[in-house]
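FYI, it's all coordinate maths here, none of it is from the lab. As the structure is a computational prediction, the values presented were derived from the model and not from experiment. Cβ coordinates were reconstructed from backbone atoms using ideal geometry, including for glycine residues, and neighbour counts include every protein chain displayed.
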Amino acid sequence: MTAVQRHLDQDPELMESLRETAVLMLVSEKLDQARDRFREQQADELVGRYARRAVVGALAAVAPGSDLLIQGWLGTQMVKELAALYDTKVGKVDTELLLKLVQKHVAKAHTLLLAVAGNALKAFPGIGTLAGGGLHAIAYGIIFRTLGRALTTTLATRGELHPRQTAKAFEEKLGEDLETSARSLAKLVIQQGRSAQQR
């Protein structure tokens, strides 16, 4: 160590160059951290926005099967926007595979999602037995919130979309924080219902 210090003391230009490199590395690290925090915040807002859109889309769907078209389009858009936020190119095939894999997991958890949605609605006096449309709307919101968070984690840690890993993360996250998500989405369903009655 002493020999290195002696060498540096004898070569002030090398010392200055190393100091500049260290400063640049520190600045670069700080910028990366700031970018990551910004992306995380933007991703969280984007996922929340799509969860709300999924709820409203489910409530607005009147024709049989139209909710699936609406949710499919919203899912594709959310994947594109999150990928763009993380500077990642996502192909149509990967997006379709991801949504197909997620649908399989949703089919298994459908009863649980509806039960949680029903319990969330019971927290509002006089609303507990709201029509099935409200239950499905909350379930869609939970699905979008969970998918968005799983996709954000994948993009942030891997730097690209891996449909199978994202679907696995979706399955693991689906059971997390269900009650809180359901309650916040139930409030949106109630607001939409009241707005519709006032028209």
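Per-structure values
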quantity: Environment charge at residue 57 (Cβ cut-off 13 Å; Lys +1, Arg +1, Asp -1, Glu -1); calculated: +2
quantity: Residue 165 paired with residue 104, simple spin-label distance in nm, labels 7 Å along Cα-to-beta-carbon; calculated: 1.8 nm
quantity: For peptides 160-170, 99-109, sequence by mean Cβ density within 10 Å, most packed first; calculated: 160-170, 99-109
quantity: Label-point separation in nm, residue 158 to residue 29, each point 7 Å along Cα→Cβ; calculated: 2.8 nm
